[in-house]
């Protein structure tokens, strides 16, 4: 792993789930601050952040403005998590934070300090796909595929939450993931099938 | 997003101390402020993260019979808490009809009323006249695109509506936002937390710098309630109009009803005159229509949103029937 986090990994390399060791991410130059001991000195431009991502412990020094989404994609090259709208509107960046689905674009990485993140790359058990991933393939639940990793992460959570009683309930609780190809019927069918498989 | 410096508050007192520093804004769930910063609505040099402050999360029963909800409780956790589902279905429904499951796992119930207007001129990437965005610049929506804008309480200086659902339910329940400012704080009624343009067209709410919402208190519910949200898409969409109704019935006679409308004004809009006229009246009587007409006497359309008056009136009527269990 390179020191500046800019090493280019191929998409396949990452998708194969090569465990990434903790990388020291880029630190922006910080202007000299006076150590006056005042309250405002508590505010930092660089933040030391530790988190467990897909079962691997990482630590970073990060600019305050780095979102969890940008950390995953730009620093760790975990590009399965997509940047769609970057405004919390499309759901393409859905990941699990301590097991709950959230939009990675709406979280500052610094605020996630000490917590566990699961991305689409962390879902499969070695070569064996997660039941939700298999169900999406079996039900042809995508066309272009851009929203799919977010849909899958959201579906994993939707099933764990128990919001899969009816097709209408699935559609309501999957509504935070927009599919521009409108594969919604197949997505709902895949979620329904995966929910049954897991019970 | 421009860079900023960041600190995590360790306690309530610490949060108030840090948030009171110059040029400092507060982040809790983060579902709004990060977008404001991306658009350029705000550009705070300092951000204080209060999301880890202990002691202001969770739902608890009060000795009085009501509930207290910690400000940092996530929206999904409020909506699915058994006390809320049982005693305040209007609040549970309003929350579950807002945003998306992912956003509701991040957004806090105390941050929710801090949401700012969705007026396209306020959220524009390029500068446009907007008194909330740039005080004194005027209101482009008044003579522009205003199909989704206010029918109550607007002035030519601002015609935007407050978009959030949960505060509409809280206003109907006469809930109170409990604040802390290091000097005892305040108890602010949910129905008057957000600021009408006649008070200040540039303002969003009455919260002051260094003052934080720490909890929400709701009186005991002796009543049934319901939330009706009318929108262009069935899920994950802001309301065109919404109606929250809390009703106390004696057979088919209304003892007391409380009605708040959403997305019709810069704050949840209580139909006080309608409420007054309906006390002691029977359900399914002409009294409901005439009481609603009285409540809508001061509704005023803009150039493109006359339809919202009829829509809101009918939504209120349907919400009364829903809350009362009339089929």
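Let's see how each residue does on (1) within 16 Å of the chain's Cα centre (by Cα); (2) more than 25 Å from residue B:1 (Cα to Cα):
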{"residue": "A:105", "(1), (2)": "yes, no"}
{"residue": "A:109", "(1), (2)": "yes, no"}
{"residue": "A:112", "(1), (2)": "yes, no"}
{"residue": "A:133", "(1), (2)": "yes, yes"}
{"residue": "A:138", "(1), (2)": "no, yes"}
{"residue": "A:141", "(1), (2)": "no, yes"}
{"residue": "A:145", "(1), (2)": "yes, yes"}
{"residue": "A:152", "(1), (2)": "yes, yes"}
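Can you tell me how many residues within the range B:224-251 are away from every other protein chain (no Cβ under 14 Å) and either assigned to a strand (DSSP E or B) or in contact (Cβ under 8 Å) with a residue 40 or more places away in the chain (or both)?
Adding up the residues that qualify gives 18.
Looking at the structure I just gave you, is residue A:80 over 23 Å from residue B:76 (Cβ atoms) and touching a helix residue (DSSP H, G or I) at 6+ places or on another chain (Cβ under 6 Å)? Spell out the reasoning first.
Numbers: over 23 Å from residue B:76 (Cβ atoms): yes; touching a helix residue (DSSP H, G or I) at 6+ places or on another chain (Cβ under 6 Å): yes.
Answer is yes for this residue.
How about the range B:222-235: which of its residues are touching a helix residue (DSSP H, G or I) at 6+ places or on another chain (Cβ under 9 Å), closer than 26 Å to residue A:169 by Cβ and surrounded by 14 or more Cβ atoms within 10 Å (Cβ to Cβ)? Quick ask: steps written out before the conclusion?
Going residue by residue through the range B:222-235, those that are touching a helix residue (DSSP H, G or I) at 6+ places or on another chain (Cβ under 9 Å) are B:223-230, B:234-235.
Pick out the ones that are also closer than 26 Å to residue A:169 by Cβ and you get B:224-230, B:234-235.
Scanning the range B:222-235 gives B:224, B:225, B:226, B:227, B:228, B:229, B:230, B:235.
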Give the range A:135-159 a look and list any residue that's in a loop (DSSP other than H, G, I, E, B) and crowded, with 20+ Cβ neighbours inside 10 Å, or say none. A:141, A:142, A:147
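Residue by residue, here is whether (1) in contact (Cβ under 8 Å) with a residue 60 or more places away in the chain; (2) over 26 Å from residue A:109 (Cα atoms) holds:
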position: B:17; (1), (2): yes, no
position: B:46; (1), (2): no, no
position: B:54; (1), (2): no, no
position: B:62; (1), (2): yes, yes
position: B:73; (1), (2): no, no
position: B:77; (1), (2): no, no
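Residue by residue, here is whether (1) touching a residue at least 24 places away in the same chain (Cβ under 8 Å); (2) crowded, with 24+ Cβ neighbours inside 10 Å; (3) over 23 Å from residue B:209 (Cα atoms) holds:
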position: B:92; (1), (2), (3): no, no, yes
position: B:98; (1), (2), (3): yes, yes, yes
position: B:112; (1), (2), (3): yes, yes, no
position: B:128; (1), (2), (3): no, no, yes
position: B:147; (1), (2), (3): yes, no, yes
position: B:162; (1), (2), (3): yes, yes, no
position: B:174; (1), (2), (3): yes, no, yes
position: B:181; (1), (2), (3): yes, no, no
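Given the residues A:122, A:165, A:99, A:126, which is the only one that is loosely packed, with under 15 Cβ neighbours inside 10 Å and either within 11 Å of chain B (Cβ to nearest Cβ) or closer than 30 Å to residue A:62 by Cβ (or both)? Please lay out each step first, then the result.
Values: A:122 fails: loosely packed, with under 15 Cβ neighbours inside 10 Å; A:165 fails: either within 11 Å of chain B (Cβ to nearest Cβ) or closer than 30 Å to residue A:62 by Cβ (or both); A:126 fails: either within 11 Å of chain B (Cβ to nearest Cβ) or closer than 30 Å to residue A:62 by Cβ (or both).
Unique residue meeting the criteria: A:99.
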Give the range A:169-187 a look and list any residue that's within 14 Å of chain B (Cβ to nearest Cβ), in contact (Cβ under 8 Å) with a residue 12 or more places away in the chain and part of a loop (DSSP other than H, G, I, E, B), or say none. A:174, A:176, A:177, A:178, A:179
Complete set of residues in the range B:1-51 that are touching a helix residue (DSSP H, G or I) at 6+ places or on another chain (Cβ under 6 Å), surrounded by 21 or more Cβ atoms within 10 Å (Cβ to Cβ) and within 15 Å of residue B:181 (Cβ to Cβ): B:9, B:26, B:48, B:50
All positions within the range A:43-66 that are in a strand (DSSP E or B) and facing chain B (nearest Cβ under 7 Å): A:44, A:47, A:63
Among (1) over 30 Å from residue B:9 (Cβ atoms); (2) under 15 Å from the mean Cα position of the chain (by Cα), where does residue A:116 come up short? (1)
Filtering the range A:73-96 down to residues that are more than 10 Å from chain B (Cβ to nearest Cβ), part of a loop (DSSP other than H, G, I, E, B) and under 11 Å from the mean Cα position of the chain (by Cα), which residue is nearest to residue A:57 (Cα to Cα)? A:78
Residue check, residue B:65 against (1) at pLDDT 95 or above; (2) on the phi > 0 side of the Ramachandran plot; (3) surrounded by fewer than 22 Cβ atoms within 10 Å (Cβ to Cβ), all met but one. Which one? (1)
Among the strands (runs of 3 or more DSSP E) lying completely within the range B:1-103, list those that include at least 2 residues that are closer than 30 Å to residue B:127 by Cβ and either within 14 Å of another protein chain (Cβ to nearest Cβ) or more than 22 Å from the chain's Cα centre (by Cα) (or both). B:5-8, B:24-27, B:46-49
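Let's see how each residue does on (1) on the phi > 0 side of the Ramachandran plot; (2) surrounded by fewer than 24 Cβ atoms within 10 Å (Cβ to Cβ); (3) in contact with a strand residue (DSSP E or B) (Cβ under 8 Å, 6 or more places away or on another chain):
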| position | (1), (2), (3) |
| --- | --- |
| B:242 | no, no, yes |
| B:302 | no, yes, no |
| B:319 | no, no, yes |
| B:325 | yes, yes, yes |
Within the range B:131-180, how many residues are more than 21 Å from residue B:240 (Cα to Cα) and not in a loop (DSSP other than H, G, I, E, B)? 5
Every residue from the range A:97-115 that is within 14 Å of residue A:51 (Cβ to Cβ) and either assigned to a helix (DSSP H, G or I) or in contact with a helix residue (DSSP H, G or I) (Cβ under 6 Å, 6 or more places away or on another chain) (or both): A:102, A:104, A:107, A:109, A:110, A:111, A:112
Which count do you get for residues in the range A:105-114 that are more than 8 Å from chain B (Cβ to nearest Cβ) and closer than 16 Å to residue B:74 by Cα? 1
Test: residue in the range A:141-156 that is within 14 Å of chain B (Cβ to nearest Cβ), touching a strand residue (DSSP E or B) at 6+ places or on another chain (Cβ under 9 Å) and over 20 Å from residue A:178 (Cα atoms): no
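The values are calculated or read from the model by the stated rules, or taken from the named source; none is laboratory data. Owing to the predicted nature of the structure, the values given are computational and were not obtained by experimental measurement. For neighbour counting, all protein chains shown are included, and Cβ atoms are generated from backbone atoms with ideal geometry for every residue, glycine included.
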